[in-house]
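Asks: Take a look at the following structure, please.
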Amino acid sequence: MSETASKYEAPSSVPVGVDPTRASIARVYDAFLGGKDNYEIDRQVFEKVRATAPEARDLAWSNRNFLTRAVRFLTDQGDIRQFLDCGSGLPTAENTHQIAQRIDPEARVVYVDNDPVVIAHGEALLTENDFTHFVSADIFQPQDVLQSEVVQKHLDFTKPIGLLQVGTLHHYTADNGADLMKEYIDALPSGSFVAISHFLDPQTPEHSRLARRMEDVFLHSPMGSGSFRTREQILEFLPGLEIISPGPGKPGDLELSDMWWPDGPRLRPLSQVEQCSAAVVGRKP
């Protein structure tokens with residue numbers, strides 16, 4: 001392992017392959033979303049979190065629904081035509097390429113993941129899509145991702161790029177991750193955007209207790225990762241970026257994932273778990 005790689009080593013950097021005795025981040029999320037591509041060990045993680053927070057599935061859906069709105073915004077309003085989607089997970093409805101290519105059929109998407117199950121599913125899904133590609137790499141090793149042959153071939157680093165870290169960085173537990181993200185951001189051209197969703201410690205008595213209970217379950221589960229960071233800690237992932245307003249009349253800032261430019265008015269209050277998921281989008285000047 002190179003010096004750069006070892007600096008960013010994290011528990012979730014080790015691919016679990018198809019070992020049914022080890023939980024996989026991608027398969028656990030699949031279980032959260034009600035999918036079928038998971039093992040008993042993955043469902044055990046989900047059930048343990050749900051025992052702590054009955055609405056645990058809301059965490060995964062908050063991330064997924066934010067992805068849909070963010071990619072639509074970046075393609076339509078941000079004029080982004082190429083995306084680097086880190087830790088894409090198992091294919092489900094409304095994947096990044098489907099959202100972006102609905103607006104521009106030639107929008108390019110490169111997915112990055114190091115789970116063999118994800119890669120096999122993704123490559124099967126993308127066999128007839130010339131503008132979408134997969135990279136087998138660890139998203140917590142920025143230089144391995146950025147220097148990969150597929151990324152270099154299919155993304156033009158002289159034009160703006162949309163970098164997606166949706167539901168990924170809370171699985172990086174080696175340190176606060178600011179230096180890791182700086183490597184990605186430094187490589188992006190001016191006009192690029194970065195979209196992040198992350199488990200949140202809201203720093204309120206009621207919700208912080210819930211966040212820390214869920215974090216304890218994640219960290220001590222067979223998955224071994226899932227940190228709930230504060231607003232200030234998450235914003236450290238976006239050094240030098242202009243933070244996009246998360247809603248009408250709001251200043252640029254972090255927002256709850258479900259409240260980042262929602263599709264319409266809310267007819268029900270946010271669940272306790274939905275208060276523990278945050279999102280933010282920044283633009284590189």
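The values are calculated or read from the model by the stated rules, or taken from the named source; none is laboratory data. Since this is a predicted model, take the numbers as computed values, not measurements. We place every Cβ from the backbone using ideal geometry, glycine too, and count neighbours over all the protein chains shown.
Asks: Which of the numbered conditions does Val273 fail, given that it passes all the others? Conditions: (1) under 20 Å from Ile139 (Cα atoms); (2) surrounded by 20 or more Cβ atoms within 10 Å (Cβ to Cβ); (3) in contact with an Asp or Glu (Cβ under 9 Å, 6 or more places away or on another chain); (4) not small (Gly, Ala, Ser).
Replies: All conditions are met except number (1).
Asks: Name every residue in the stretch 252-271 that is assigned to a loop (DSSP other than H, G, I, E, B) and either within 25 Å of Asn176 (Cα to Cα) or among the aliphatic types (A, V, I, L, M) (or both), in order of residue number.
Replies: Of all residues in the stretch 252-271, those assigned to a loop (DSSP other than H, G, I, E, B) come to 252-254, 260-271.
Passing the criteria: Gly252, Asp253, Leu254, Trp260, Leu267, Leu270.
Asks: Would you mind stating whether Asp156 is out of contact with any Pro (no Cβ under 8 Å at 6 or more places or on another chain), surrounded by fewer than 21 Cβ atoms within 10 Å (Cβ to Cβ) and part of a helix (DSSP H, G or I)? Talk me through it step by step, then tell me what you get.
Replies: Details: out of contact with any Pro (no Cβ under 8 Å at 6 or more places or on another chain): yes; surrounded by fewer than 21 Cβ atoms within 10 Å (Cβ to Cβ): yes; part of a helix (DSSP H, G or I): no.
Considered against the rule, which asks whether it is out of contact with any Pro (no Cβ under 8 Å at 6 or more places or on another chain), surrounded by fewer than 21 Cβ atoms within 10 Å (Cβ to Cβ) and part of a helix (DSSP H, G or I), Asp156 comes out as no.
Asks: Could you look through the stretch 175-191, keep only residues that are more than 17 Å from the chain's Cα centre (by Cα) and assigned to a loop (DSSP other than H, G, I, E, B), and pick out the one that is surrounded by the most Cβ atoms within 10 Å (Cβ to Cβ)?
Replies: Taking the candidates together, the pick is Leu188.
Asks: Given (1) at pLDDT 95 or above; (2) over 18 Å from the mean Cα position of the chain (by Cα), identify the lone condition not met by Arg231.
Replies: In the conditions (1) at pLDDT 95 or above; (2) over 18 Å from the mean Cα position of the chain (by Cα), Arg231 misses (2) alone.
Asks: Let me ask something additional. From Phe73, Phe66, Phe140, grab the single residue that is surrounded by fewer than 23 Cβ atoms within 10 Å (Cβ to Cβ) and of a type outside the set (Ser, Thr, Tyr). Step through it out loud before you land on a result.
Replies: On the way: Phe66 fails: surrounded by fewer than 23 Cβ atoms within 10 Å (Cβ to Cβ); Phe140 fails: surrounded by fewer than 23 Cβ atoms within 10 Å (Cβ to Cβ).
So the residue among Phe73, Phe66, Phe140 that is surrounded by fewer than 23 Cβ atoms within 10 Å (Cβ to Cβ) and of a type outside the set (Ser, Thr, Tyr) is Phe73.
Asks: Just to be sure before I move on: is Glu236 in contact with a strand residue (DSSP E or B) (Cβ under 6 Å, 6 or more places away or on another chain), among the acidic types (Asp, Glu) and modelled with pLDDT of 95 or more in the structure I sent?
Replies: no
Asks: For Pro246, work out the one condition from (1) in a loop (DSSP other than H, G, I, E, B); (2) of a type outside the set (Asp, Glu); (3) surrounded by fewer than 21 Cβ atoms within 10 Å (Cβ to Cβ) it doesn't fulfil.
Replies: The failed condition is (3).
Asks: With Leu146, Leu155 as the choices, which residue is over 26 Å from Ser257 (Cα atoms), of a type in the set (A, V, I, L, M, F, W, C) and touching a residue at least 60 places away in the same chain (Cβ under 8 Å)? Even if it seems obvious, please write down each step before you answer.
Replies: Numbers: Leu146 fails: touching a residue at least 60 places away in the same chain (Cβ under 8 Å).
Of Leu146, Leu155, the one residue that is over 26 Å from Ser257 (Cα atoms), of a type in the set (A, V, I, L, M, F, W, C) and touching a residue at least 60 places away in the same chain (Cβ under 8 Å) is Leu155.
Asks: Quick check on Leu155: is it within 21 Å of Thr68 (Cβ to Cβ), of a type in the set (A, V, I, L, M) and touching a strand residue (DSSP E or B) at 6+ places or on another chain (Cβ under 9 Å)? Quick ask: steps written out before the conclusion?
Replies: Numbers: within 21 Å of Thr68 (Cβ to Cβ): no; of a type in the set (A, V, I, L, M): yes; touching a strand residue (DSSP E or B) at 6+ places or on another chain (Cβ under 9 Å): yes.
For Leu155, the condition - within 21 Å of Thr68 (Cβ to Cβ), of a type in the set (A, V, I, L, M) and touching a strand residue (DSSP E or B) at 6+ places or on another chain (Cβ under 9 Å) - is not met.
Asks: Could you grab the pairs with beta carbons closer than 7 Å, sequence gap of 6+ or different chains, first residue in the stretch 237-258 and within 15 Å of Ser192 (Cα to Cα), second one assigned to a loop (DSSP other than H, G, I, E, B) and at pLDDT 95 or above?
Replies: Leu241/Lys284; Glu242/Gly252; Glu242/Pro285; Ile243/Gly252; Ile243/Asp253; Ile244/Gly252
Asks: Residue check: is Gly226 in a loop (DSSP other than H, G, I, E, B), at positive phi and touching a strand residue (DSSP E or B) at 6+ places or on another chain (Cβ under 8 Å)? Let's see the steps before the verdict.
Replies: Working: in a loop (DSSP other than H, G, I, E, B): yes; at positive phi: yes; touching a strand residue (DSSP E or B) at 6+ places or on another chain (Cβ under 8 Å): yes.
Judged against the criteria, Gly226 is a match.
Asks: For Tyr39, all conditions in the list (1) over 19 Å from Cys276 (Cα atoms); (2) at pLDDT 95 or above; (3) of a type in the set (Phe, Trp, Tyr) hold save one; what is the number of the exception?
Replies: Result: Tyr39 passes all but (2).
Asks: Spot the failing condition for Pro265; the list is (1) surrounded by fewer than 19 Cβ atoms within 10 Å (Cβ to Cβ); (2) modelled with pLDDT of 95 or more; (3) not basic (Lys, Arg), and only one is missed.
Replies: (2)
Asks: Counting only residues that are out of contact with any helix residue (DSSP H, G or I) (no Cβ under 6 Å at 6 or more places or on another chain) and either within 15 Å of Val166 (Cα to Cα) or among the hydroxyl-bearing types (Ser, Thr, Tyr) (or both), how many does the stretch 24-67 have? Full working, then the answer.
Replies: Restricting attention to the stretch 24-67, the residues satisfying the condition of being out of contact with any helix residue (DSSP H, G or I) (no Cβ under 6 Å at 6 or more places or on another chain) are 24, 30, 34-36, 39-41, 44, 47, 50-51, 54, 61, 63-65, 67.
The next check asks that each one be either within 15 Å of Val166 (Cα to Cα) or among the hydroxyl-bearing types (Ser, Thr, Tyr) (or both); those that pass are 24, 30, 39, 61, 63-65, 67.
Looking only at that region, the number is 8.
Asks: Only one of (1) at pLDDT 85 or above; (2) within 15 Å of Asp85 (Cβ to Cβ); (3) surrounded by fewer than 19 Cβ atoms within 10 Å (Cβ to Cβ) fails for Leu126. Which number is that?
Replies: Of everything listed in (1) at pLDDT 85 or above; (2) within 15 Å of Asp85 (Cβ to Cβ); (3) surrounded by fewer than 19 Cβ atoms within 10 Å (Cβ to Cβ), Leu126 misses just condition (1).
Asks: Which condition number in (1) out of contact with any His (no Cβ under 8 Å at 6 or more places or on another chain); (2) over 12 Å from Ile196 (Cα atoms); (3) assigned to a loop (DSSP other than H, G, I, E, B) is the one that Glu232 fails?
Replies: Going through the list (1) out of contact with any His (no Cβ under 8 Å at 6 or more places or on another chain); (2) over 12 Å from Ile196 (Cα atoms); (3) assigned to a loop (DSSP other than H, G, I, E, B), Glu232 breaks only (3).
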